[in-house]
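The values are calculated or read from the model by the stated rules, or taken from the named source; none is laboratory data. Here the structure is a predicted model, which is why all the values come from computation and not from measurement. Cβ placement follows ideal geometry from the backbone for every residue including glycine, while neighbour counts extend to all protein chains displayed.
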Ligand SMILES: Nc1ncnc2c1ncn2[C@@H]1O[C@H](COP(=O)(O)OP(=O)(O)O)[C@@H](O)[C@H]1O
Ligand SMILES: [Mg+2]
């Protein structure tokens, strides 16, 4: 062997060794995100998730590992969401899936992640069934619908009255909210609905319903619909001459900023339950509001933003505690490690209305992380709306389970 | 006034006219005769610009008009009255006539021509507020000829004005066509009613297989033994075949 | 179910005020059908574009509301003409004939609807935009309150219908439009520039849809997907009235509006939209060509 070849061999060997060492020491944690990024808000909180993960990388990553984030849009369509999840899991070989926004999308994805054994952490979906499927791989950051309905009904029955009219739009989330509320009013107060109307998702004209509700003389109207439909119904409820003394109760989408923006003055007094109040005066909340205003031009972030933010923090904590190998041989082991690390997050105090805790069992009690809801009311409508916190209620962990 | 040379056209890929030549001098009534489906209406459609001319030339008043848009041809004074007795059934008689005057902007002239049409066809005046859909076959024929006249044409192409009408009505209509011609409108009349057409016209062409088969003065054709035997006798379609054999 | 005449009156009033809007969209659909032989499935999106134009003029450019309606009508009419000239006409034989309408034209309407939605999405985003028009306190009829916007909508819609009627019945161009709608070949032979008239018809139909969009705007928010429901209602109205019949479109619109409100009030409040189609089925069972429809036209 000549000196030259010897030198080259040594060089190659050295390169090989350093290469191997590098992969062994620091790898990439692959995170897939699928969310509804249709509206302006949707795009912005999607961006916020990516930006927050980026900042973690810039600050040196987690235990020296960098985060490799792939963000996909599912447009709130379940087929797209499932396709995104499969793509992220099988092509991108992600370690953790974040998603989705709409319950109708998150629900089928739960089956995908359970089957492929990939941890899934949910930023926005509230449908109670998500954690009742018995998957050991799913974690919910938001407040489950079973708590919301309980809080809402309790407040309404105790403070407003028991004669409630319901206007329920045909989308899955609103149907769910509407039914849960009626069920809770019945079980907590034995109150039957005073009037129920199912309406089309994009219904334009509610006047006949409003006229009937007006003559029924109710204590409150629950409008369960997606943001713009709700806004329209609110406006028409005033146009029909239903006085402000009849309380307008919103479904979960009442927290979305298009509601006060479109409804204007008609949004005033509308209250709803949420996981975050922009009117929160804790320093962390004020800082967050300021950050979102500066970075994304959002006047007052709703819980879609706060939950996306809390989710990133929880992921950061969990990944920090997980012992990860990050090579292809250990993909399954790393996924399990991340799952177990998320299950170990207890009492996380962030933006959310209450602490978020998970545990190991594949039960709703363990996986619905947040059980504190805030009741929020609009005190001013329009694009520069103002909200106030009416109450903050923590529900028992078993609430709403059969 | 109208000169057609080597006209070839058809529908889709099917050729119907295979080099048709004919001429209509100013101020005359010329007849185009032939059996059913021989391409008479096709030739009129080509002249009016409703279908494309594949080959050949069409001259009107010394100007090439082949493959011009139909409305452009109408504006030059060449009007066709189609064979379907196509009125606008849901418009009144008078509205139908007004559609005919669409290209004109001289109101007094239009009013004069309206009176002229009512003078030719008094029944139209009686029925002028009625929907055209309520008229009888003969009245509709009068209406569509009247509608053509409303455009103040230099020349009219009349496609089978006698079809499916009672003899007395046909006589009335032909008398009026004669009056129109005398007022200075050149006329090309397409007919299957050969005898009547030859009485009306001064010159005639007989079409077959997409070409002109015979032509001549109407009087000569009327007394031509071949024409007499084949067209003035049995049915037109049969006789034309006999004539060839 | 308790019954009183005030409520009945209110429900009919609500039905009429939304029905006129269905009516003017249906009018456009019928106009296009009789003029171009196209069943125009993209008309809901044209309506949506009209609403957006109205919003841009009124909200972003500060044009007064009535003028915004007119401007939106002009813009949408022009948009319609471009669509017709550039896309639809190419799909028909020999440019401008519209004589071989069929599956192709139907699919092309669906395609256009998707294209327009995407364009609107890219231009204005998916968020619903409020379209506040302050017209003051609502009208009060005893216990019933009717916002001024509804009254204005009804008045403007009726006005548009009257103008259209006058145009078609009393003007030369209107006569030519009717001639083209009834028989294109004959219209051509009368010296009418048929392609131009077809563009005019299409533009007119689109302008009507735009008016509906701007009128509905203040009642709801303006949003990319708003066209679908309106298309369904307007189609029901057009068919109930007799497809292709202009008075039929208006009467159909009013009937659909009243019927769905009475249905929601007295039969069941759920899924009000079903009543439009229930009415449609009922009418078609009794009169297969719709209320004002003539027997099915046979094309020569
Ligand atoms: N629109 C059309 N498409 C295809 N073929 C046609 C059309 N109109 C007529 N034809 C055919 O062209 C031939 C000549 O028709 P036409 O000119 O109408 O005859 P006629 O001499 O009776 O007026 C016939 O064979 C007919 O079947
Ligand atoms: Mg013929």
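The table below gives the values:
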| read-out | value |
| --- | --- |
| Residue within the range C:154-168 that is more than 30 Å from residue C:10 (Cβ to Cβ) and away from every other protein chain (no Cβ under 11 Å) present | yes |
| Which listed residue, of B:53, B:30, B:4, is part of a loop (DSSP other than H, G, I, E, B) and either more than 14 Å from chain C (Cβ to nearest Cβ) or within 16 Å of ligand 1 (Cβ to nearest atom) (or both) | B:53 |
| Search result, residues across the range C:124-153 that are assigned to a strand (DSSP E or B) and at the interface with chain A (Cβ under 10 Å from one of its Cβ atoms) | C:129, C:140, C:144, C:145, C:146 |
| Contacts under 7 angstrom Cβ, first residue in the range B:146-164 being more than 13 Å from chain C (Cβ to nearest Cβ), partner within 13 Å of ligand 1 (Cβ to nearest atom) and not in a loop (DSSP other than H, G, I, E, B), 6 or more apart | B:160/B:190; B:160/B:191; B:161/B:189; B:162/B:191 |
| Subset of the range A:94-111 (residues that are surrounded by fewer than 22 Cβ atoms within 10 Å (Cβ to Cβ), more than 20 Å from residue A:251 (Cα to Cα) and in contact with a helix residue (DSSP H, G or I) (Cβ under 7 Å, 6 or more places away or on another chain)) | A:108 |
| Any hit, the range C:208-215, residues being away from every other protein chain (no Cβ under 11 Å), touching a strand residue (DSSP E or B) at 6+ places or on another chain (Cβ under 8 Å) and either closer than 30 Å to residue C:58 by Cα or at pLDDT 85 or above (or both) | yes |
| Per-region count, the range A:207-234, residues facing chain C (nearest Cβ under 10 Å) and assigned to a loop (DSSP other than H, G, I, E, B) | 1 |
| Identity of the residue in the range C:227-250, closer than 10 Å to residue C:291 by Cβ and touching a residue at least 60 places away in the same chain (Cβ under 8 Å), that ends up surrounded by the most Cβ atoms within 10 Å (Cβ to Cβ) | C:241 |
| So residue B:187, is it more than 16 Å from ligand 2 (Cβ to nearest atom), crowded, with 18+ Cβ neighbours inside 10 Å, more than 14 Å from chain C (Cβ to nearest Cβ) and in a strand (DSSP E or B) | yes |
| Within the range B:159-184, tally of residues that are within 16 Å of ligand 1 (Cβ to nearest atom) and surrounded by fewer than 21 Cβ atoms within 10 Å (Cβ to Cβ) | 2 |
| Close pairs (6 angstrom Cβ cut-off, 6 or more residues apart or separate chains): within 9 Å of another protein chain (Cβ to nearest Cβ) in the range A:247-264, not in a loop (DSSP other than H, G, I, E, B) anywhere | A:258/A:227; A:258/A:228; A:262/A:228; A:262/A:231; A:263/A:231; A:263/A:234; A:263/A:235 |
| Some residue of the range B:150-173 being within 16 Å of ligand 2 (Cβ to nearest atom) and more than 15 Å from the chain's Cα centre (by Cα) | yes |
| Unique match (being part of a loop (DSSP other than H, G, I, E, B) and within 14 Å of chain C (Cβ to nearest Cβ)) among A:204, A:118, A:196 | A:204 |
| Subset of the range B:7-27 that is within 12 Å of ligand 1 (Cβ to nearest atom) and not in a strand (DSSP E or B) - its residue that is nearest to residue B:76 (Cα to Cα) | B:12 |
| Residue B:98 under 25 Å from residue C:174 (Cα atoms), within 16 Å of ligand 1 (Cβ to nearest atom) and touching a residue at least 40 places away in the same chain (Cβ under 8 Å) | no |
| Members of the range B:202-226 that are assigned to a loop (DSSP other than H, G, I, E, B), away from ligand 2 (no atom under 15 Å from the Cβ) and closer than 23 Å to residue B:6 by Cβ | B:209 |
| Pair list, Cβ under 7 Å, 6 or more apart: the range B:34-49 residue closer than 12 Å to residue B:159 by Cα and within 11 Å of chain C (Cβ to nearest Cβ), other residue modelled with pLDDT of 90 or more and within 10 Å of ligand 2 (Cβ to nearest atom) | B:44/B:159; B:44/B:190 |
| Hey, residue B:100 more than 16 Å from ligand 2 (Cβ to nearest atom), within 15 Å of the chain's Cα centre (by Cα) and within 15 Å of residue C:188 (Cα to Cα) or not | no |
| Enumeration of residues in the range A:356-375 that are surrounded by fewer than 20 Cβ atoms within 10 Å (Cβ to Cβ) and farther than 21 Å from residue A:154 by Cα | A:357, A:359, A:360, A:361, A:362, A:363, A:366 |
| Residue list for the range B:190-212, restricted to those being without any contact (Cβ under 8 Å) to a residue 60 or more places away in the chain and surrounded by fewer than 18 Cβ atoms within 10 Å (Cβ to Cβ) | B:195, B:199 |
| Identity of the residue in the range A:68-88, buried (at least 20 other Cβ atoms within 10 Å of the Cβ) and in contact (Cβ under 8 Å) with a residue 40 or more places away in the chain, that ends up nearest to the other protein chains (Cβ to nearest Cβ) | A:76 |
| Candidates B:88, B:120, filtered to the one that is in contact with a helix residue (DSSP H, G or I) (Cβ under 6 Å, 6 or more places away or on another chain) and either more than 14 Å from every other protein chain (Cβ to nearest Cβ) or within 15 Å of ligand 1 (Cβ to nearest atom) (or both) | B:120 |
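A quick yes/no check of all residues on (1) modelled with pLDDT of 95 or more; (2) under 16 Å from residue B:151 (Cβ atoms); (3) buried (at least 19 other Cβ atoms within 10 Å of the Cβ); (4) within 16 Å of ligand 2 (Cβ to nearest atom):
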position: B:10; (1), (2), (3), (4): no, no, no, yes
position: B:34; (1), (2), (3), (4): no, no, yes, yes
position: B:62; (1), (2), (3), (4): no, no, no, no
position: B:65; (1), (2), (3), (4): no, yes, yes, no
position: B:69; (1), (2), (3), (4): no, yes, no, no
position: B:72; (1), (2), (3), (4): no, yes, no, no
position: B:87; (1), (2), (3), (4): no, yes, yes, no
